[in-house]
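Okay, structure first, notes after.
The values are calculated or read from the model by the stated rules, or taken from the named source; none is laboratory data. All values derive from a computational prediction rather than experimental measurement. When we count neighbours, we look across all protein chains shown, and the Cβ atoms used for this are built from the backbone with ideal geometry, even at glycine.
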Amino acid sequence: MPFWYFSTEFEASHLGQALVEVECEKCGCEYYFELARQGVGHVSSPYGIGTSKAEAVAEEKAESNLNDRISSEAELVPCPSCHWINEDLVRGYRLTKLRGWSTAAFSIAIIGIAGSLVATWCIMNGPPPDRSAAPMVAICGPVISIAVAVGIFLLRNGIRSAIRPNKNFPAPPKVPAGTPPALKFDDDTESFVPIAADDIRDSETGGWQTIQIGRVEWPQKCCCCLKSEEDDNTELELANPTTPELGILACKECRRRQARQSNIIGLAMTAFGSIVVYSIFSLLLPREIAFWVLFVTGVWIVALICFYVSNRLTALAPTRCVDASRGVHQVKIKNPDLILTVASGAVAS
Ligand SMILES: [Zn+2]
Ligand SMILES: [Zn+2]
């Protein structure tokens, strides 16, 4: 019987921030920090049934995932006067690590148990001599699946509890990339201000800058030529369509120039690579049909790699992910005059 299955996938993502108040367990110092998280919701609607509802459900799931994360997770922000990191912050930070492992453990347990039961049923309905194996499968299958799942949980907890940022206390701890600065309330300006400088603002080197999604506000300008939409003939679009959540903008003109450069470099590299592939295959194979099939396949692979590399080389704002769970990325700002500012969320209010 032919079996045809398709489903429509819906994915929603919500961004949120909260201002967290901390009272240091060691010295009683009070400070704040901004917790930024991204909640995601994923819904799959089989055969495209109920797609209108699925979209709303994905949105709801993203919102509840965001609320869960904001209320349970934390960042390792040390006390500005004694460098201690409160135990509840450490616990909250540990939750951001290996978040997918509990789903994996549950899936292994459920699939393993279900699979063992189906296998047992098949054996019971199979040839009589095999039936003696049924109790073995019915018991061992679930036991092994549960043991693997428990093992994954224990390993995850072990890795999480190895995160001990206070181990060198009272020396200042080494905090993860993208950790927000400690804030204090400034009575004069009636706003929250960073006690120590946030590393996103004092690097004017044009090198890699660490940013956390939700805590940085991108200027509404092209990241390359700094033109804004108020300038003539300037239309801004995403500079990195593959990471839209970063919101880095570039003007159409700069994007077009980058595409041109990328194509020229990609073509030149592919031409050179094709000559190399041709020479190597010529040495190894007689020029028959197999030679040409391998040569064309080789050129395709070389072209894919060359265009990927040339696109990375010419990228207007190259980015790399540092910690996906906390939304921490590094971005290389090529124009040193582009100044990033902290998000308008809690800090500016
Ligand atoms: Zn303290
Ligand atoms: Zn531009």
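Number of residues in the range 6-50 that are crowded, with 18+ Cβ neighbours inside 10 Å and farther than 24 Å from Thr96 by Cβ equals 2.
Looking across the range 243-259 at every residue that is within 14 Å of ligand 2 (Cβ to nearest atom) and free of Cβ contacts under 8 Å to residues at least 60 places away in the same chain, the one that is surrounded by the most Cβ atoms within 10 Å (Cβ to Cβ) is identified as Cys251. Checking each residue in the range 68-84 for being closer than 28 Å to Ile195 by Cβ and more than 9 Å from ligand 1 (Cβ to nearest atom) picks out Arg69, Ile70, Ser71, Ser72, Glu73, Ala74, Glu75, Leu76, Val77.
Residue under question is Ile111, and the condition is that it be in a loop (DSSP other than H, G, I, E, B) and of a type outside the set (D, E, K, R); does it hold? In short, no. Just one residue in the set Thr120, Thr96 is within 17 Å of Phe33 (Cα to Cα) and of a type in the set (Val, Ile, Thr); that residue is Thr96. Taking Arg99 as the residue in question, decide whether it is away from ligand 2 (no atom under 16 Å from the Cβ), at pLDDT below 90 and within 30 Å of Pro194 (Cβ to Cβ). Yes: the conditions hold for Arg99.
Listed here are the residues, each with its yes/no results for (1) touching a residue at least 60 places away in the same chain (Cβ under 8 Å); (2) over 30 Å from the mean Cα position of the chain (by Cα); (3) surrounded by fewer than 16 Cβ atoms within 10 Å (Cβ to Cβ); (4) assigned by TED's automatic domain parsing to the domain that holds Ala250.
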site	(1), (2), (3), (4)
Asn263	no, no, yes, yes
Phe272	no, yes, yes, yes
Val277	no, yes, no, yes
Leu285	no, yes, yes, yes
Val293	no, yes, yes, yes
Ala303	no, no, no, yes
Asn311	no, no, no, yes
Ala317	yes, no, no, yes
Gly327	yes, no, no, yes
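Just one of the listed residues (Ser349, Ser262, Ser279, Ser344) is among the polar types (S, T, N, Q), modelled with pLDDT of 90 or more and away from ligand 2 (no atom under 16 Å from the Cβ), namely Ser279.
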